[in-house]
Every structure is written in C-alpha cells, then in structure tokens.
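Report on the structure given below.
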Amino acid sequence: MTLKTSIALACILFVAGCSAAPGAWGWYVIDPRTTSGYNNIRFLLNGFGATILLSLIAASLSMVIGLLVALPGMSSNRWLRYPSRIYIEFIRAIPLLPMLFWVFYGLPVVLKSIGISVSIDAFWGAIITLAISDSAFTAEIYRAGIQSINKGQTEAAKTVGLNYAQTMRYVVMPQAIKRILPPLANQFIYIVKMSAFASVIGMQELTRRANELVVTEYRPLEIYSLLILEYLVLVLIISFFVRWLERKMGSDESK
Amino acid sequence: MSNKSKAIEIHALNKWYGSYQALKDINLTVDHGERIVVCGPSGSGKSTLIRCVNSLEVHDSGQIIVDEIEMKDDESIHEIRSEVGMVFQQFNLFPHLTILQNLTLGPIKARGMSKVDAEERAMRYLERVRIPDQAHKKPSELSGGQQQRVAIARSLCMEPKIMLFDEPTSALDPEMISEVLDVIVDLAEDGMTMICVTHEMGFARRAADRMIFMDHGEIIETGKPEEFFEAPKSERCRKFLSQILQH
Ligand SMILES: Nc1ncnc2c1ncn2[C@@H]1O[C@H](COP(=O)(O)OP(=O)(O)OP(=O)(O)O)[C@@H](O)[C@H]1O
Ligand SMILES: [Mg+2]
C-alpha cells in the first residue's frame, strides 16, 4: 500500500467514525470539540510524561550497566570475560514480561529473605526490568564499538605509559563513541516501545491510561488508534534525532 | 650505575601462539648505548621478540630484565614501559588528537606533568624530528614520513632509555624512508640504546653496532655489521642477505 492510499483510507475511516451512529465508529470519545472528548485526550496525553521519564531513566541505567558488563567482557582474563558473557546470554534469553513479573512480585520476596525490606513500586519495577533487559544489548553495542578500534591504538597508549582506565578514556572511547552513539540512540526506541509493558503492573503511562479509558468508554479501536499514534510521534522524533546523530558522526569520520 | 649493568637481558625466552612456537630459547643481552638491528624472513619472530621486551606480548617462559628491572608483575611491567619507547610499522598515532596532543598525552596523564611543561617538551622533540610547524594539525593531514617522525617524537617525549623500532619504514613510500631513517641515525649518534627491526641494510651498516639474524623463532646469527654482511656464517643468513640486497 502506498503512503497516499493509506492516508486517504485513514481519512475516510476518521470521517466515517465521526458520525456517532450505534455500531459504527465512535471518534467522539476523543473529539476535542466536546468536553468529555477533550478530557479523555488530556487523560491519554498525560501518559507521555511517565513513558518518557521511564524510558530516559531506564536507558541511562542501561548505558551504565552495559558499559560495566562490556568492559570485562573484552578482557584477556577468562574469569572476567565469562561472567560478562553469561550475563549477556542469560539476560537476552528472558522475555521482558516474565522478567517484569519476577522483578515486581518476586524480587521483594528475595530481598526480604536476605534481610532487605524494600517495596518495589511499579515505576521502579519497570525501570529495573527495562534497564537490565536492555543492558545486554547496550553491552554488545559497546563491545562492537570498542573492538572496531585498531589494536595498535591501545598498544601505542601502553607504550606512552597510560593505564587501562586512561587508555579507555583518552584513546579508545573518544574514537569508539562515533560507532556507539547512533546504535545506542536507536536502542532507545526499543526501550520506549517496551515501556508499554509497564502498564501490566499498574504504571500510569501511555498504554495503561489507554487501557483504563477503554474499560470505561468501550471504544477500543479509537482509543488504541490514538495510542499507536502517540508512540508513533514519540518514536519518529527519536528517529529523527538518531538520523541527525548518524549524519553528524559520519561526517566527523570522513574529516 | 655500574658499568656491568645491561640495558636489556633476555634469558631462555620462549613464546607460543597456541601450539606454534614463535620464539625458541632466545638469549640476548644489550649494553647501554648499543644499537642493534634485527633482520630475518617474514614470520621469523622479530616483532614478537621486541614486543616481549615491553610486554606487549606476554612470554611463556624465560626471563626479561630491562635496566635492572625484572619483568614479573604489573608494577614491574609499568616501570619497564616507562623506560622503553616503541615505534610501530603503522605509526599508531591517535587520530582524534592533534600532533601536539599526541605528544603530550603520555607526559600529562601518565607522568602528571603540567600542560605548559609537556608542550614545551613536545615542541623541543618536534623540532628534533624537524616538523615543529605541524604541531596543530591532525595526523591524517600529514604524510607518512611525517607521521612516523611524530610517532618517534611521541616516544621521545616519555624520555625513554631504550627505543624499539618495528620496521619503522616498511609502510612508507620510498621517497620518505630516508627522512625517517635520518632521524633514527641522529638518535643513535646521541647514544640512545635501540633495537630496530628493519630490512634497510644501508641504514644497518650506518647505525648498527650489532646485527641479529632470526629465522623460525631462533637467533641464528649475530655479529658486527662488517663481518655480518661480508662473511655471514650460516647458509640461511647468506641466502637471506643475497635476496634482500638484490633490490
Ligand atoms: N597474535 C598471534 N597469534 C598467532 N600467531 C601469531 C600472532 N602473532 C604472530 N604470530 C605468528 O608468530 C610468528 C612470528 O610472528 P612475527 O610477527 O614475530 O614475525 P616477524 O618476524 O615480525 O614477521 P614480519 O617480517 O612479517 O613482520 C609468525 O608465524 C606469526 O604467524
Ligand atoms: Mg613483524
């Protein structure tokens, strides 16, 4: 289907839905011209804050954990390398939803049994799960980026007396960052989409709000359509940023 | 320091890559101020040998002592590396830094020198390799010969007692070889201890105190340049030299 026909089709569907005949479309639930429609839209859009905050914190944590996992994974010492490999393989194999349930319902019990009594709310439960689950992928992004730097660079750094941390910081990372940032930003798109799962443990983000509205309004098609549109806008903005970053990094490289 | 002390002592050195033995029972001592040129066919273990001296390759058995420091733990390796400079075939300059930053990175970060002092020292060595006017360019803006001279200056900025060169001119266009070799000869005349892997036999005659010929991971022959070139003792060395000297 071409873009034009799909836009035309969407318009027809929308116009048809605007007549509130029973059994037909019901765009009225999110019609901003009516008070209830306007309030519904506000209710749905208010989920953006939580979705964005959730994604940003989870992505930042994932970037840190990913680096801490990736660095020992490139060591020549197998006792550093293996735990990193095992972590990556293990975490990658767990689907997000079961992990979310385990963290939200199971982890507090585990912590309590070892004497740490904390309750994990939906917000932090979702963040922990998203960050850990994503960190396996960010770790691989770091690894690919760092390993793309010629071995001669680290050798030269050693011969001028730099230690491991200095070599990473002043020689390897400044060069690898061009290969790391664009895929890392791309990975952020996945976190945003995966954050929808937080709805099942009661996190009031975009998807949860849509679900709640569907329960009271019985208009799943219209509400979920808007929900998809919300994610679409968010992801397109990020994609735009990723493209810009790729172009910028790419042009730096050719200099 | 006593006259007895050696710059480098290598005893019964062995090195394997998996099941392949790259170095076989290497014994070698280098005096302070001695200039050694190592040659030999491709794959004979020349690079492996000099890379063992600053622990870029980890040896499997044997003893390496550099300036009375025995290589055993990370600390001794760090100390040894601060005495030994190395120049690579592929230059290995840091492409994201300017020439000046390439030279000052080690002194500032590893030695804790002030930026002003480090830059002053860097300019001194850039003058020594005759390219002070390139200080603010990036490595990619320089010719191969200039890049290799920067690499030499970068090593010198750490004020090493010993310099290792691994085929420093093999990646260069012919017209740039001599500008790099001249800089190395200069260093040699100033009394720098050095081991240079090279097939530039003209340079070897000019600068070497001692020649070493390696094959299949062993030191086959060693001797003063005159004897080495005029009357090589082993058949393998003679054959190698006749091939090299043909072009
Ligand atoms: N990282 C490595 N892993 C496995 N084998 C290696 C490695 N590095 C070197 N070798 C092998 O060890 C042998 C000696 O290599 P080395 O690089 O020291 O030779 P070389 O004398 O410097 O040769 P060239 O003149 O080609 O530079 C070669 O057979 C090479 O294939
Ligand atoms: Mg070599």
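The values are calculated or read from the model by the stated rules, or taken from the named source; none is laboratory data. Since we're looking at a predicted model, the values are computed, not measured. Note: ideal-geometry Cβ built from the backbone for every residue, glycine included; neighbour counts use all protein chains shown.
Quick notes on this one:
- Test: residue in segment B:101-109 that is crowded, with 22+ Cβ neighbours inside 10 Å, closer than 23 Å to B:ARG206 by Cβ, in contact with a Gly (Cβ under 8 Å, 6 or more places away or on another chain) and within 11 Å of another protein chain (Cβ to nearest Cβ): no
- Check on B:LEU23, in a strand (DSSP E or B), more than 7 Å from ligand 1 (Cβ to nearest atom), in contact (Cβ under 8 Å) with a residue 12 or more places away in the chain and under 28 Å from B:LEU245 (Cβ atoms): yes
- Of the criteria (1) within 30 Å of A:VAL172 (Cβ to Cβ); (2) among the polar types (S, T, N, Q); (3) not in a helix (DSSP H, G or I), which one A:SER119 fails: (1)
- For segment B:42-75, a tally of residues being among the polar types (S, T, N, Q), crowded, with 16+ Cβ neighbours inside 10 Å and outside any helix (DSSP H, G or I) returns 3.
- Filtered residues of segment B:34-59 (kept if within 12 Å of ligand 1 (Cβ to nearest atom) and either of a type in the set (A, V, I, L, M) or farther than 20 Å from B:GLY18 by Cβ (or both)): B:VAL38, B:CYS39, B:GLY40, B:PRO41, B:LEU49, B:ILE50, B:LEU56, B:VAL58
- Filtered by the rule that a residue be within 16 Å of ligand 2 (Cβ to nearest atom) and closer than 28 Å to B:GLU227 by Cα, segment B:1-23 gives B:ALA22, B:LEU23.
- Checking B:GLY62 against (1) more than 16 Å from ligand 2 (Cβ to nearest atom); (2) more than 14 Å from every other protein chain (Cβ to nearest Cβ); (3) touching a Ser or Thr at 6+ places or on another chain (Cβ under 9 Å), the condition it does not meet: (3)
- A single member of B:LEU156, B:LEU164 is touching a Cys at 6+ places or on another chain (Cβ under 9 Å), within 14 Å of chain A (Cβ to nearest Cβ) and closer than 27 Å to B:ASP117 by Cβ, and it is B:LEU164.
- Residues satisfying the stated conditions in segment B:167-180, i.e. surrounded by fewer than 24 Cβ atoms within 10 Å (Cβ to Cβ) and farther than 24 Å from B:GLU120 by Cα: B:GLU167, B:SER170, B:ALA171, B:LEU172, B:ASP173, B:PRO174, B:GLU175, B:MET176, B:ILE177, B:SER178
- Scanning segment B:2-20 turns up no residue that is in a helix (DSSP H, G or I), away from ligand 1 (no atom under 15 Å from the Cβ) and either among the basic types (Lys, Arg) or over 20 Å from B:CYS196 (Cα atoms) (or both).
- Residues of segment B:24-48 that are more than 22 Å from B:PRO232 (Cα to Cα) and within 13 Å of ligand 2 (Cβ to nearest atom): B:SER47, B:THR48.
- The set of residues from segment A:114-152 being within 14 Å of chain B (Cβ to nearest Cβ) and touching a Phe, Trp or Tyr at 6+ places or on another chain (Cβ under 7 Å) comprises just one member, A:GLY152.
- Helices (runs of 4 or more DSSP H) fully within segment B:162-247 counting 3 or more residues that are at pLDDT 95 or above: B:174-189
- If the condition is being of a type in the set (Gly, Ala, Ser) and in contact (Cβ under 8 Å) with a residue 24 or more places away in the chain, then segment A:204-249 contributes A:ALA210, A:SER239.
- Flag for B:SER82 being touching a Gly at 6+ places or on another chain (Cβ under 6 Å), within 14 Å of chain A (Cβ to nearest Cβ) and either without any contact (Cβ under 8 Å) to a residue 60 or more places away in the chain or away from ligand 2 (no atom under 16 Å from the Cβ) (or both): yes
- Selection from segment A:102-128 of residues that are more than 18 Å from A:SER55 (Cα to Cα) and either at pLDDT 95 or above or of a type in the set (Phe, Trp, Tyr) (or both): A:TRP102, A:TYR105
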